[in-house]
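> Submitted below is the structure of interest, expressed as structure tokens.
The values are calculated or read from the model by the stated rules, or taken from the named source; none is laboratory data. Note that this is a predicted model, so its numbers are computed, not measured. Heads up, the Cβs are rebuilt from the backbone with ideal geometry, glycines too, and the neighbour counts pull from every protein chain shown. In case anyone asks, the SASA skips ligands and DNA or RNA and just uses the protein heavy atoms, side chains included. Shrake-Rupley method; radii C 1.70, N 1.55, O 1.52, S 1.80 Å.
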Amino acid sequence: TYKESFIKFMVDSGVLTFGEFTLKVAESSLLHKHSNYKTGAQLAKLGEFYADASTYNGIEADVLFGPAYKGIPLSVSACVALFNKFGVDASYCFDRKEVK
């Protein structure tokens, strides 16, 4: 399924790791670091997983929001994949952490 493929992709990309981690707010046995997506190929594949998940679950959106800063490339890659795979021409938007 796309879910199993996504988990394998995250592990292979070094984004999802297992072990014992002490975080700021709690302890955890897994760590998920989106900042470990570093290549165009990884972002393209990530966008495909998001597009597949939204389409599979019947989620229709005109606009995808990517919160600054790490969410911006996620929303962009998902928009590109939605168009390339499914012909859905969604927009994206994002916020700013500081006032311009």
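> Most mobile of 25, 11, 63 per a Gaussian network model of the chain (Cα springs, under 10 Å)?
25
> Based on the Cβ-Cβ distance of residue 26 and residue 69, what FRET efficiency does E = 1/(1 + (r/R0)^6) give at R0 = 30 Å, to the nearest 0.05? Write down the numbers at each step before the final one.
Numbers: r = 24 Å, r/R0 = 0.79.
So the FRET efficiency works out to roughly 0.80.
> Where in the stretch 30-92 are there trypsin sites (Lys or Arg not before Pro) that are in a DSSP coil and have at most 13 other Cβ atoms within 10 angstrom of their Cβ?
When the trypsin sites (Lys or Arg not before Pro) of the stretch 30-92 are filtered for loop state and at most 13 Cβ neighbours within 10 Å, 33, 38, 70 remain.
> If you roll a 1.4 Å probe over the chain with all protein chains in place, what percent of the accessible area is carbon or sulfur?
59
> Just one of (i) 18, 17, 13; (ii) 25, 19, 12; (iii) 22, 15, 13 is semi-axes √(5λ) of the Cα gyration tensor in Å calculated from these coordinates, so which is it?
(ii)
> Ok, one more. Grab the Cα-Cα distance for residue 34 and residue 96, subtract it from 0.36 nm times how many residues apart they are, and report the gain in nm with one decimal.
Full-extension gain reported as 20.5 nm.
> Same structure, new question: Go through the stretch 8-99 and name the GluC sites (Glu not before Pro) that are in a DSSP coil and have 15 or fewer other Cβ atoms within 10 Å of their Cβ.
60, 98
> Quick one: dipole size for the stretch 1-63, taken about the Cα centre, charges +1 on Lys/Arg Cβ and -1 on Asp/Glu Cβ, in debye to the nearest 20. Show your work: numbers first, answer last.
On the way: 6 positive and 8 negative charges, 52 e Å.
Computed about the Cα centre, the dipole is about 240 debye.
> On a 0 to 90° scale, report how tilted helix 71-86 is relative to the longest principal axis of the chain, with both axes built from alpha carbons and the result rounded to the nearest 10.
50
> Hey, what angle do you get for helix 2-12 against the long axis of the chain, alpha-carbon based, 0 to 90 degrees rounded to 10?
The answer is roughly 50 degrees.
> Further, regarding this structure: Hey, what number do you get for the chain at 222 nm if only DSSP H runs of n ≥ 4 count, each worth -39500 (n - 2.57), divided across all residues, to the nearest 500?
After summing the helix terms and dividing by residue count, I get -14500 deg cm²/dmol.
> So for the stretch 1-58, if I pair up every lysine 8 or more residues apart or on another chain, how many of those pairs have alpha-carbons under 15 Å apart?
Working: 3/45; 8/33; 8/45; 24/33.
Qualifying lysine pairs in the stretch 1-58: 4.
> I would also like to ask the following. Say we join alpha carbon atoms closer than 10 Å with springs in a Gaussian network model of the chain; which of 89, 52, 12 then has the biggest fluctuation?
Evaluated over the chain, the most mobile residue of the options is 12.
> Which chymotrypsin sites (Phe, Trp or Tyr not before Pro) in the stretch 32-100 sit in a loop by DSSP (not H, G, I, E or B) and have at most 14 other Cβ atoms within 10 Å of their own Cβ?
Numbers: sites: 37, 49, 50, 56, 65, 69, 83, 86, 92, 94; in loops: 37, 69.
Those satisfying the criteria are 69.
> Also, quick follow-up: For the chain, what is the accessible area per residue in Å² when the probe is 1.4 Å?
71
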